[in-house]
Amino acid sequence: MPEIPVNIPHQRMSLFALGFRPFFLGAGFSALLLLAAWIGMLEAWIPFGSYYSGGTWHAYEMLFGYTAAAIAGFLLTAVRNWTGIETPTGIALAALTGLWLAGRIAPFLPLPEVAVAALNVAFFPALALSLYQPLWHGRNKVNRVFLALLAVMTIASLLVHLQAIGVTQDTAPRGIRLMLDATLLTLLIVSGRVMPFFTERGVAGAQPRSRVIVERFTFALASLWLVTNLLLLSSELAGAIALSLALVQAMRLAGWHDARVWSIPILAVLYAGYIWLIVGFALDGLAGLGHLPAFPAFHALTVGALGGFTLGMMARVSLGHTGRAMRSSMLTNIAFILLNAAAWFRVFMALFFPAQYGTWTLASGTLWTLAFALFLWVYVPILIAPRADGRPD
């Protein structure tokens, strides 16, 4: 009788062995499919849905679909490392992933609108509940801020869905903006932890510095910016704060920077994403003061900053937590370039050559989908297989 390999059950359960696996897969596929669907809607190949109004579906899904999956995958993985306390795996992780997926599908099913709203709004509370034990009981009490951010994201989702089901009017834009600002605040926290560390580990002799005064101004201004945008959307005050944030983030990045990072693609993509963040804050400030339209800032912060940073982090975390060398493949490097090109077309080409706005939008969307098609080509086999070094996740 042939011997049965003892590692077959582990192989079958690899997908739900740790949070980054299913959620980075979900993020990759949603980035590809949601953007392709949006292009189809803009080109009138696919009809617009009836649940969300206008472009709300696109904005909602890229923030609460794609970005939420990337955040969930990162936190479910990183929090375990930070605290030494287990995060959901197996059936619990599969259920949480299923809830996220249900939110993407529900608006297109013949469900009561309240059910669609409930499925979507429930995701962040469920994620917070799954992370409560390690975040609340871990030694570093600062980590509890992520529970507060997940609560803010829940409120943001609720604001969008209250308008969608007809309970409120004009709360969806505030919900979208609140989610964007909360996500950027999350990015600021995470980047402050990982970028100096990655730079020091990845560049021999690098000495990145995080200055206390810069860190304090970063989070004071970012928190004030979030509250101001919620109460006074697109105001001059918010614009002034955004310009201040751009300046402080330039100082923050300068403290971490080593010119050699640009020769390491898996590190360079994070620095490029942070530069887009600074550019986005500056453009948002100019928009708030009435000097520019809103769309360049919005897409610098989303396509450039969030897109670049999440793609880079998903690539890096996936390699590190599957026992592989911390070197991105040629196809992954091409994906990094394509994503930054997508941001360039969507922000600057659309700003400086508005007569061809539709062309730049289509070009940007195409480049984005190609970037994530390459990501999936490289990382689907990595994310569904056991660790390359044979160790458990």
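The values are calculated or read from the model by the stated rules, or taken from the named source; none is laboratory data. As the structure is a prediction and not an experimental result, all values here were calculated from the model. No Cβ is skipped: glycine too gets one built from the backbone with ideal geometry, and neighbour counts run over all protein chains shown. Quick note on the areas: whole protein, heavy atoms, side chains included, nothing else; ligands and nucleic acids left out. Shrake-Rupley method; radii C 1.70, N 1.55, O 1.52, S 1.80 Å.
Some observations on this one:
- Within segment 205-232, tally of residues that are hydrophobic (A, V, I, L, M, F, W, C), under 30 Å from Ile155 (Cβ atoms) and more than 22 Å from the chain's Cα centre (by Cα): 4
- Taking the numbered list (1) open to solvent by 20 Å² or more (accessible area, probe 1.4 Å); (2) on the phi < 0 side of the Ramachandran plot in turn, Val160 passes all entries but (1).
This table checks each residue for (1) in contact (Cβ under 8 Å) with a residue 24 or more places away in the chain; (2) among the hydroxyl-bearing types (Ser, Thr, Tyr).
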position: Gly304; (1), (2): yes, no
position: Phe309; (1), (2): yes, no
position: Met330; (1), (2): no, no
position: Ser364; (1), (2): yes, yes
position: Trp368; (1), (2): yes, no
position: Leu374; (1), (2): yes, no
position: Tyr379; (1), (2): yes, yes
position: Arg387; (1), (2): yes, no
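- Taken as a whole, the structure places Val261 among residues that are buried (at least 20 other Cβ atoms within 10 Å of the Cβ), under 24 Å from Phe375 (Cβ atoms), of a type outside the set (D, E, K, R) and over 21 Å from the mean Cα position of the chain (by Cα).
- The set of residues in segment 45-68 being of a type in the set (Ser, Thr, Tyr), assigned to a loop (DSSP other than H, G, I, E, B) and either at pLDDT 95 or above or open to solvent by 30 Å² or more (accessible area, probe 1.4 Å) (or both) consists of Ser50, Ser53.
- Any hit, segment 332-347, residues being open to solvent by 50 Å² or more (accessible area, probe 1.4 Å) and farther than 16 Å from Ala300 by Cα: yes
- Residue pairs meeting the criteria (Cβ under 8 Å; at least 6 apart or on separate chains; first in contact (Cβ under 8 Å) with a residue 12 or more places away in the chain, in segment 126-149; second of a type in the set (D, E, K, R) and open to solvent by less than 90 Å² (accessible area, probe 1.4 Å)): Pro134/Arg80; Leu135/Arg144
- Arg316 being assigned to a helix (DSSP H, G or I), under 16 Å from Thr332 (Cβ atoms) and open to solvent by 20 Å² or more (accessible area, probe 1.4 Å): yes
- Taken over segment 103-117, residues that are open to solvent by less than 30 Å² (accessible area, probe 1.4 Å) and more than 19 Å from the chain's Cα centre (by Cα) amount to 4.
- When every residue of segment 365-387 is checked against the conditions, at least one turns out to be farther than 25 Å from Leu277 by Cα, open to solvent by less than 70 Å² (accessible area, probe 1.4 Å), in contact with a Leu (Cβ under 6 Å, 6 or more places away or on another chain) and not polar (S, T, N, Q).
- Answer from Leu253, Leu270, Leu185, Leu224 - the residue that is surrounded by 22 or more Cβ atoms within 10 Å (Cβ to Cβ) and either assigned to a helix (DSSP H, G or I) or at pLDDT 95 or above (or both): Leu270
- Enumeration of residues in segment 227-242 that are surrounded by fewer than 17 Cβ atoms within 10 Å (Cβ to Cβ) and not β-branched (Val, Ile, Thr): Leu231, Leu232, Leu233, Ser234, Ser235, Glu236, Leu237, Ala240
- Flag: Ile71 matches the condition of being open to solvent by less than 60 Å² (accessible area, probe 1.4 Å) and under 18 Å from Leu149 (Cβ atoms).
- Criterion (part of a loop (DSSP other than H, G, I, E, B) and in contact (Cβ under 8 Å) with a residue 60 or more places away in the chain) met by exactly one of Pro88, Pro110: Pro88
- Residue within segment 322-334 that is modelled with pLDDT of 95 or more, part of a helix (DSSP H, G or I) and under 20 Å from Gly73 (Cβ atoms) present: yes
- For segment 207-218, a residue qualifies if it is open to solvent by less than 60 Å² (accessible area, probe 1.4 Å) and under 14 Å from Ala246 (Cα atoms), and the qualifying residues are Val214, Glu215, Thr218.
- Members of segment 82-106 that are within 30 Å of Arg139 (Cβ to Cβ) and either in contact with a strand residue (DSSP E or B) (Cβ under 7 Å, 6 or more places away or on another chain) or not aliphatic (A, V, I, L, M) (or both): Trp82, Thr83, Gly84, Glu86, Thr87, Pro88, Thr89, Gly90, Thr97, Trp100
- Residues satisfying the stated conditions in segment 118-135, i.e. in contact with a Leu (Cβ under 8 Å, 6 or more places away or on another chain) and either surrounded by 14 or more Cβ atoms within 10 Å (Cβ to Cβ) or among the β-branched types (Val, Ile, Thr) (or both): Leu119, Val121, Ala122, Phe123, Phe124, Pro125, Ala126, Leu127, Ala128, Ser130, Leu131, Leu135
Residue-wise test of (1) of a type in the set (S, T, N, Q); (2) modelled with pLDDT under 95; (3) farther than 25 Å from Ser318 by Cα; (4) open to solvent by 30 Å² or more (accessible area, probe 1.4 Å).
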| site | (1), (2), (3), (4) |
| --- | --- |
| Ile91 | no, no, no, yes |
| Val145 | no, no, no, yes |
| Leu150 | no, no, no, no |
| Ile155 | no, no, yes, yes |
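- When Ala350, Ala294 are checked against the criterion of being open to solvent by 40 Å² or more (accessible area, probe 1.4 Å), over 18 Å from the mean Cα position of the chain (by Cα) and closer than 24 Å to His58 by Cβ, Ala294 stands alone in meeting it.
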